[in-house]
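Engineer: Let me give you the structure first, and then I'll get to my questions.
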Amino acid sequence: FRRSLDNDTYALGDYVTGRVTGKPTITVAKSIRQPNNAIVAAFLAIDLNWLGRLIIQQVKLPEQFRIFVTDRAGTVITAMPDSAAWLGKSFAGTAFFDAAKANPKEAVAAPFLDGEDMLMAALPVVVGDTPALYVIAATPRKDVEAAALAGAEIYIGSILLGTFVLLFLAWLFAERMVRRPLALVSATVEKLSAGDTGARIGAITATSEIATVAGAFDRMADTLSARDAKLLLANKDLQAARDMLGATLDASPAVIISLDTNGRATLWNPAAELVFGWKEEEILGHACPIRREDGAPAFEEFFDRAMNDETVMNIQETFMTKDARKLRVSVNAKAIHGSDNRHAGVVFVVNDITAILQTERALLQSQKMEAVGQLTGGLAHDFNNLLAVMIGNLDLLQENASIDAETREIQQEALDAALRGAELTRQLLAFSRRQPLQPKRTNLNDLVTSTARLLKKVLGENITIRTRLADRPWTIMADPSQVETSLMNLAINARDAMAQGGTLLVETANVVLDEDYVRLNHEVVPGEYAMMAVSDSGSGMAPEIVARVFEPFFTTKPAGKGTGLGLSMVYGFVKQSGGHAKVYSEVGVGTTIRLYFPKARDDVADPGSAAEDEPAPPAAKGETVLVVEDKDDVRRVACRQLRKYGYNVIDAENGSVALDILRSGRPVDLLFTDVVMPGDWSGPALAEEARKLRPGLKLLFASGFPGMVLPPQMLAEGNGFISKPYRHQELNRMIRRILGDDDA
């Protein structure tokens, strides 16, 4: 092979016996250069037994001639006529071989190996610049001398003919059995090296070992081609996976960052840029710039834990953005391993949970307010029943002319206290969104303008009142008296926050609350709202105070300076009106409270309301009222109030008794029933069954729990509802209207 490299051509080796096959062989080498000038070797081992048989088949000489082919050292590699007998014998060191090498193509007389005197001629087979083989023709000298009498030229010519035949045979052997196949192998290797995986040697007709090598080579090429095809397919799959991974990283809403073992960024997806503010080109190859709230590197602790093969899951931290904003985040981290299973870095998945936490806090606050509302509503219901007894009896006692002045004074004080209790209960019902409202189409600008005149007297001279009103505010459907009361409550709270004076700003505007706003305020319905805002330049509130301002009985005022129901009533009223309340405050700067009322639909008519100062209703005209109330004391007061106005009264402690009365045939003009009663018969269920027994029967419902929703048909046809506690005049006025008294 080294000789082949030196001459860049074919090189023949010496006679050897194969270690594996045990056969006599001679090797041929040819160096093959790839397009990148790298060298690969091609070796061919020729079976000398096969070569001997080939020569015998191809060459026919007179029997007195002997032909030998030796390697360059003189070892016989084939002979004729008896190749097997001479194979492996050596002419090296013999006089005739040395003479033949010294005088090629010339006949030399010399003793042969067996001592016989021979006439011989030798021709070298040159490969490159040096002899690689020797072809020797020999004949006994005595035969030549005998032939000389008949014509020596013929014998010498025969010798030369035999020599040239062997030369031709050597050329044929080298060309067909060595050069051409190896050239084909060389060309095929070059094609394969250049990337042509379809290149093949193909069938070689020679039955030498090179044909076997060629077949093995082609099979190897087939295997490589199949492997390349699989590799190509795998590469396509890998590229598709990379594309998918890249698209996933780009589209992921989560921040995905990877750091190498030195803490330098190797991955920074678009979400990282969006959330933290740094661009990818600012980060890759550098230390991660994200810091904690205290200025420490954000990922240092998590990096160390991950490099110790700990999986970091959902750890909440506060990180700072490029523009110094605080973000509450959830951090996940895991080590990356290379192909050698050694640590290659750490990948971080970070989720911005700031908005989620705000939503959760808002939801918890809403749930708490809802729970408190249900509690206060239930308490108000029970208080109203108690107050109904107190106010009803005190009203009746007040009209008793036989009591003395001192008793009347005591009675009046008790009545005033009961009425204040009723007002307190009304505020609780407002918070729980169960107060009776009288909504109508309302213009916020008109209400603000009229209420601002009153505020100047209430707030004092050291507070400046300013208004900023929308040009054309949207009309809302709300109880105007409650809107005025809400504005008054907000203004009084603002006054208390501006002890040294300041500015009160009242604004109106048309706003649209979109999906983004709703995501942070889950109880809000997206849509169009008319907004009223009250802002002060007062002391402001801390976040923990802001979170509780709407809770009933919560107040920051000194004892005796407030009940803590003003803002809770505002909150309940706005919620009951389908709106939304929002507080913005900063300590030392001031507070803004915004009330959002849904824009009124054009197809909703104004339901109207009763006049505020109505004349006393007329007395009864002998009608019979069936009073159904499960509370004995409340039922007794109601019956006393009705008898005072001249009604015939039948009372029943539950729905079953009331139905028995109706079935008995006794005349009843109006069924006056409580809404919430224990047992099988609630007020609405009783009314429905009563209508079956007495079609057209008039109905009046009462409840200390005004949030109770009644079926629409129950309030149709002039039927009514009255809230506990009620005054006896109010009860009589309602009954007269239901019974169709034109004077009521």
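Engineer: In whole percent, how big is the carbon plus sulfur part of the accessible area of the range 219-277, probe 1.4 Å, protein atoms only?
Structural biologist: Working: 2330 of 3740 Å².
So the carbon and sulfur contribution to the accessible surface is 62 percent.
Engineer: Follow-up. Taking amide hydrogens as modeled 1.01 Å from N in the peptide plane, which residues meet the under 5 Å criterion relative to THR467, leaving out close sequence neighbours?
Structural biologist: Counting only residues 5 or more places away or on other chains, the set is VAL506.
Engineer: Please tell me which of these pairs span more than 23 angstrom C-alpha to C-alpha: LYS30/LYS89; LYS698/LYS724; LYS30/LYS191? Don't skip to the end; give the middle numbers.
Structural biologist: On the way: LYS30/LYS89 27 Å; LYS698/LYS724 20 Å; LYS30/LYS191 17 Å.
Pairs exceeding 23 Å: LYS30/LYS89.
Engineer: Could you sort ARG663, ARG342 by their accessible area in this structure, using a 1.4 Å probe and putting the largest first?
Structural biologist: Numbers: ARG663 135, ARG342 165 Å².
Greatest to least solvent exposure: ARG342, ARG663.
Engineer: Under 27 Å from the Cα of LYS456, which lysines turn up, not counting those fewer than eight places away in the same chain?
Structural biologist: LYS440, LYS557, LYS561, LYS582
Engineer: Between the range 452-517 and the range 296-322, how far is it from one alpha carbon centroid to the other, in angstrom?
Structural biologist: Taking the Cα centre of the range 296-322 as reference, the centre of the range 452-517 is 48 Å away.
Engineer: If the reach is capped at under 30 angstrom between alpha carbons, list the lysines near LYS279, excluding any in the same chain fewer than eight residues apart.
Structural biologist: LYS322, LYS326, LYS334
Engineer: To continue, here is another question. Label points 7 Å out from Cα along the Cβ direction at LYS457 and GLU653: separation in nm?
Structural biologist: Going from the LYS457 label point to the GLU653 one covers 5.2 nm.
Engineer: Here's another thing I want to ask about it. Largest first, what is the accessible-area ranking of TYR571, TYR584, TYR517 with a 1.4 Å probe?
Structural biologist: Values: TYR571 20, TYR584 90, TYR517 45 Å².
Most to least solvent-accessible, the answer reads TYR584, TYR517, TYR571.
Engineer: For a quick check of your reading of the filter: which GluC sites (Glu not before Pro) in the range 278-352 sit in a DSSP loop and have no more than 15 other Cβ atoms within 10 Å?
Structural biologist: GLU293, GLU310
Engineer: Also, I was wondering about something else. Can you give the FRET efficiency for ARG666 and LYS326, using 1/(1 + (r/R0)^6), R0 = 45 Å, r = Cβ-Cβ distance, to the nearest 0.05? Walk me through the numbers on the way to the answer.
Structural biologist: Details: r = 75 Å, r/R0 = 1.66.
Efficiency, from the Cβ-Cβ distance: 0.05.
Engineer: Ok, one more. Relative contact order (percent) for the range 449-555, with alpha-carbon contacts under 8 angstrom and 6 or more residues of separation? Intermediate values should be presented prior to the final figure.
Structural biologist: Numbers: 127 pairs, mean separation 31.0, N = 107.
Contact order relative to length: 29 percent.
Engineer: If amide H atoms are built 1.01 Å from N in the plane of the peptide, which residues on other chains or at least 5 residues away come under 5 Å of the amide H of ILE336?
Structural biologist: ALA344, GLY345, VAL346, VAL347
Engineer: With label points built 7 Å along Cα→Cβ from the Cα atoms of ASP309 and ALA470, find their separation and express it in nm.
Structural biologist: Those two pseudo-labels are separated by 6.4 nm.
Engineer: How much length, in nm to one decimal, is gained on full extension between ALA685 and ARG636, taken as 0.36 nm per residue of separation minus their Cα-Cα distance? Let's see the in-between values first.
Structural biologist: Details: separation 49, 0.36 × 49 = 17.64 nm, distance 2.27 nm.
Computed gain between ALA685 and ARG636 is 15.4 nm.
Engineer: Going by amide H atoms built from the backbone, whose H comes under 5 Å of the H on PHE91, apart from near neighbours?
Structural biologist: Those lying under 5 Å, H to H, from PHE91 are THR75, VAL76.
Engineer: Please give the FRET efficiency for HIS286 paired with LEU232, using the beta carbon to beta carbon distance and R0 = 30 Å, rounded to the nearest 0.05.
Structural biologist: Details: r = 37 Å, r/R0 = 1.23.
Taking R0 as 30 Å, the efficiency between HIS286 and LEU232 is 0.20.
The values are calculated or read from the model by the stated rules, or taken from the named source; none is laboratory data. Remember, predicted model here, so these are calculated numbers, not experimental data. Neighbour counts run over all protein chains shown; Cβ positions are idealised from the backbone, glycine included. Remember, those area values only see protein heavy atoms, side chains included, never the ligands or the DNA or RNA. Shrake-Rupley method; radii C 1.70, N 1.55, O 1.52, S 1.80 Å.
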